[in-house]
Amino acid sequence: MNRAIASRANTFQVSQKMDDPIRILDAHQSRNWTITHDYPDPALEEHWREFLTRADFPSHYVSPDYFREPFFRDKDPFAILAWHEGKIVGALTGMHEAEQVLCGQESRPQACFDKSIDPTIAAEGLTAGLLAEAHSAALITLYTWCPVDRFLAHGYRVEKRQGVVMLDLTKGPESLFKGFSSSRRTDVRAAIKRGVEVSTAAAREEFWSYYEVYLEWCARKNLVPSTFEVLAEAFSLTDNRRLFLARYEGKVIAGVVIRFYPKGVIEYAANSSMKENLKLKPNDLLQWRVIEWACHERYSSYSLGATHLFARKMGGTIVPVYRYRLDRTWFRRHELQEGLQNSGRRIFNILPGNLQKQAKRALGR
C-alpha cells in the first residue's frame, strides 16, 4: 500500500448515502482531520472547493491544485483538512525537506480558515493531522495570516513577522493607482510613453522568449534556473497562473508571474528582467497591468510577497504573517541556532560602518 493510499485509509473514508449528505467516517473513532498526498477524489474536491468560498485567504497553494505543481513533486507534498460538523473549516499544505516539515513561507502562508467560525476549531484538526504527517521530523514550521493561539497549547512557538504588502483589489484600478507613490506613477506613465507594451503569454514560443530573460536574470543573481520543461508545464496551468510579458520594439524584456485561486487571492510569484532595459521601467508597468487585469476579473486581494521598497511603492497595507514552529530536538537546537544568528545580526548592525566593512571582508562577503 503506497503512502498516499495508506494515509487516507488511516484517516477518513468518504461515503455517500442516497438521502444523506456526504459523511466523514473513521473505522475506529470519529476524527476531525484528513491527510492527502495527491489530488483529491471528486467528493473530497467538492468539499474542499466549497470551503474555499468561505475561507479568509483562498490561494492557489492551499487548494487542490497544489498537487498539480511541477516544482514540488520530489518534496512529498501533502494537505491537511480540518472538519467541523460535516464541513471543511481549515486547510494547510506543505512538504518534507530533510529533517523538517515546512508549511509555507513568510512570503506565502499556506493555511486558511473558515471566516465564519473561531480558527481554534480548525486549529485542533490541523495540529493533530500535522503531527501525524510529520512522524519523527525534528522541526515543524507553518505560517498563517492570523494569530492562532491554539497552536501554542501544542508546544509551538510563535513569532510575528513583517509579512507582505497587500492590495485591496475591491477598491478598483483608479483608486489603487492613486495609492501608488508619485515616483511609481511617473515610472508607469514613462514606460507607456516610451512604447513598452504588456500582454499575457499563451504560446510556447512566448514561454521560450521569457525563459531567455529568466536565464539571464538567474545568472545575474547566481541562482540555479529551473528547466524550460518545468516552467512551461507550470505556465500551462492557466486556471491558477499567468505570465505577463513586457515588450519593447517587439522584444521581450521582462516578465511577471502571478499565482491565484479563482475569485480569491493573487500572489506575485516571480519576476525576471533584462538589466540593460531596466531604464524603460518595464517592471513598474507590468505590476500596473496585473492590477488592471485582476480588478477586471474581480479578484479580492493581491499579495506582493514582500515589504521591500518596490512593493511599498505600490501602496496597500502591510499585513503581518505569523510563524509557528515546533522544535522537537534536544535542547531546541534549531531555536538556539536561530537565536545566536539573530544576536549576531543585532551586534553587526550596531557596529560603526568601518567595522562592518572590515567584518564583511573577513567573512569574504
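Below are the figures for this structure:
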| quantity | calculated |
| --- | --- |
| Pick from segment 270-285, criterion within 25 Å of the chain's Cα centre (by Cα) and assigned to a helix (DSSP H, G or I), ranking: surrounded by the fewest Cβ atoms within 10 Å (Cβ to Cβ) | Asn283 |
| Given (1) within 18 Å of the chain's Cα centre (by Cα); (2) part of a helix (DSSP H, G or I), number of the condition Val164 does not satisfy | (2) |
| Residue that is surrounded by 21 or more Cβ atoms within 10 Å (Cβ to Cβ) and part of a helix (DSSP H, G or I), where the choices are Trp293, Trp208, Trp217, Trp288 | Trp288 |
| Selection within segment 122-160 - of a type in the set (A, V, I, L, M, F, W, C), farther than 17 Å from Glu97 by Cβ and crowded, with 19+ Cβ neighbours inside 10 Å | Ala122, Ala123, Leu126, Trp145, Val148, Phe151 |
| Matching residues in segment 220-237 - criterion: being in a loop (DSSP other than H, G, I, E, B) and in contact (Cβ under 8 Å) with a residue 12 or more places away in the chain | Ser226, Leu237 |
| Options Leu131, Leu81, Leu102; residue that is in a strand (DSSP E or B) and over 21 Å from Leu44 (Cα atoms) | Leu102 |
| Residue among Ile88, Ile80, Ile121 that is β-branched (Val, Ile, Thr), over 29 Å from Thr329 (Cα atoms) and assigned by TED's automatic domain parsing to the domain that holds Ala43 | Ile88 |
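The values are calculated or read from the model by the stated rules, or taken from the named source; none is laboratory data. Bear in mind that the values here come from a model prediction, so they are computed numbers and not experimental data. As a convention, Cβ positions derive from the backbone with ideal geometry for all residues, glycine included, and neighbour counts pool all protein chains shown.
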